[in-house]
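The values are calculated or read from the model by the stated rules, or taken from the named source; none is laboratory data. Bear in mind the structure is a predicted one, so any value in this text is a computation, not a measurement. A quick note on method: Cβ atoms are made from the backbone with ideal geometry, for glycine too, and the neighbour counts reach across all protein chains shown. The protein model used for the area step is the full one, side chains on, heavy atoms only, and it has no ligands, DNA or RNA in it. Shrake-Rupley method; radii C 1.70, N 1.55, O 1.52, S 1.80 Å.
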Amino acid sequence: MCLDFRLLDTCSNRLYGVGVSKLGLYDDVVTSLQKAILHPSAWSRAFRLIDEAVGIHGSTTVLAAGERTTDVRIFAFWYYDRGIRQFELENLYFKDYYDIDERIPRVRRIPENKVVHIKDLYTASELKRSAAYNEAMAICNGQDSLHVRLAGPNDTRITWVPNDPTDREGWSTGKLALMRRLFPHLHHAIWAEHTLNGAGILTSTLADLLGATGLGIIQLDGRGRIFDINDRGKRLLRNRETIYDRHGFLHAKRRLEDVKLQKLISRAIPSRGSVGYGGTTTFNRWPKPPLLTQIHPIQAQEEDPRTWSVAALVVISDLPGRPEIDQGVVAQTLNFTGMESRVAVMLAEGKTVPLIAEELGRKESTIRHHVKRMFTKHNLSRQTELIDLVRAIAGAPRTET
C-alpha cells in the first residue's frame, strides 16, 4: 500500500481558486509538518499555519485503531486552535461527550479520503437534541466542521476534523482544494511522528537516530545515495528480503514496490530550491508482517557537521502482526482451489493483483481469472467483498482430518 497522493499543480490550484499567496503559505505548512516529525514542538506552528492557510477555527486530529467500540484504541487526540493545544476542551469532550456522541461509529465508516460534513453524521432528530453536537461542537467551533478519514496500515486510521470556516465564504471550492492538498502531508507527518514516538527517539538528532535498535534508519544524501545507516538497516539490506543496496542507492526487491520507492525518494530530494515532500509505503514480506517505510526530507542543517550532507531520512519499522489467514481453511470453507485460496489470502493481506502476479510469476490476466471464478462461486462483484469474506474467517481453527 502506498500513501503517496497525487498533488494538484499550480494551474489547477488557480482554476479552483487557490491563489499564489496561499501556495506560498502551503509550502510553509508542508515544511512545518515535516519538521514536526522529529521535533514535536513544531506541531503548534504547523497547525497555526493550517488554520491561516485554510481559514478555519482550528482542527481536531485523531489517530486510532479498531472499528468496534469494544476494541477501539486511541493513540493520539489533538485539538489545536490558532496553534494552541486545547487540553481542557480535549478532557471535557472525553469526560462528558465522547461516550454519547452519536457520530463516532459513523466516522469510523467514512470511506478513505472522502470529506463529510458534520451534519451528515447526525440524523435530523439528533441535530436537535444531541448534547455532543449542540454543546461540545458549539464550544469548539465545530458545528460547520468537516471530517475526513485517512487510512493507515492494518486497521489504523487518522481522522482529521477541520473546524468551522473563519469567513463568510464557508467551505468554498478554493478552501476544499487547498485542504485536500494537505491530506497526504498531514497523514505522513502524524504516522511518522507516531512511529518515532513509539520507538522512544523523538527529539533525537539525525546522528543519534542511527543508534535506534527497533527501527531501520537509512540516511540519503542530495543525490539519493546511501550516506549512513544503522545496524537494523544494514541487516535489512544484507538479507535482501525487501530492500537492498545497488551501487550505493536504495532499491526495493520487487519491481512495483521499487517504482513506488524511487518516486518517494525523488519527491523527498527535489531539485535545488524546491520543497521536498515526505511519503509512506509498505514492503510486503509474506508470510511475515510487512514493513512500514517512511521517507522524510531533511531541509535544515543541524549543528552536527556529520549530518550536513543528509538530504532525506528513511525510517523502516515493523507493522503490528495481524491474524494469520490459513489457506487450507479458506479453501475448505469457501470451496476454493489451492491457487484460488492463495490469491484470496494475498488479496486479504493487502496485496494488489499486479503484485500478486509478480510474486507468483503469473500473468495479471491469470490472477484476475482466478478472482472472477471466486466471485462466481459466492455471487460477489467487488474485490472488497471477497477480502471481507476471507478476513471474516481469519484465525479460524484448522479442520482435523
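Cβ-Cβ distance of Ala207 and Glu385, R₀ of 56 Å, FRET efficiency by 1/(1 + (r/R0)^6): the value works out to about 0.65. Applying a DSSP loop filter and a limit of 14 other Cβ atoms within 10 Å to the trypsin sites (Lys or Arg not before Pro) in the stretch 75-180 leaves Arg82, Arg109, Lys114, Arg168.
Solvent-free Debye calculation, one equal scatterer per alpha-carbon of the stretch 81-202: log10 I(q)/I(0) at 0.14 Å⁻¹ equals -0.71. Summing Lys and Arg as +1 and Asp and Glu as -1 over all other residues whose Cβ lies under 15 Å from the Cβ of Lys372 gives a net charge of +3.
According to a simple spin-label model (label point 7 Å from Cα along Cα-to-Cβ), what is the distance in nm between Ala138 and Ser41? A separation of 3.9 nm, rounded to one decimal place.
In loop segments of the stretch 52-118 as defined by DSSP, the GluC sites (Glu not before Pro) with at most 14 further C-beta atoms inside 10 Å of their C-beta are Glu67.
Label-to-label distance, Asn113 versus Asn91, with points set 7 angstrom from Cα along the beta-carbon direction: 4.0 nm.
Using R0 = 60 Å, the C-beta based FRET efficiency linking Ala124 and Glu359 works out to 0.75. Counting only heavy atoms of the protein chains and using a 1.4 Å probe, Arg232 has close to 30 Å² of accessible surface. In the structure shown, the pairs Lys114/Lys175; Lys260/Lys351; Lys35/Lys351; Lys114/Lys351; Lys288/Lys351 are assessed against 20 Å; a Cα-Cα span above that value is assigned to Lys35/Lys351; Lys114/Lys351. Each Lys or Arg adds one and each Asp or Glu takes one away; over the other residues whose Cβ falls under 13 Å from the Cβ of Gly58, this sums to -3. For the stretch 172-276, the Kirkwood hydrodynamic radius comes to 15.7 Å, computed from all pairs of different C-alpha atoms. With K and R counted +1 and D and E -1, the other residues having a Cβ less than 11 Å from that of Met339 yield a net charge of +2.
Legend: residues Asp51, Asp28, sorted from most to least accessible area (1.4 Å probe; ligands, DNA and RNA excluded), read Asp28, Asp51.
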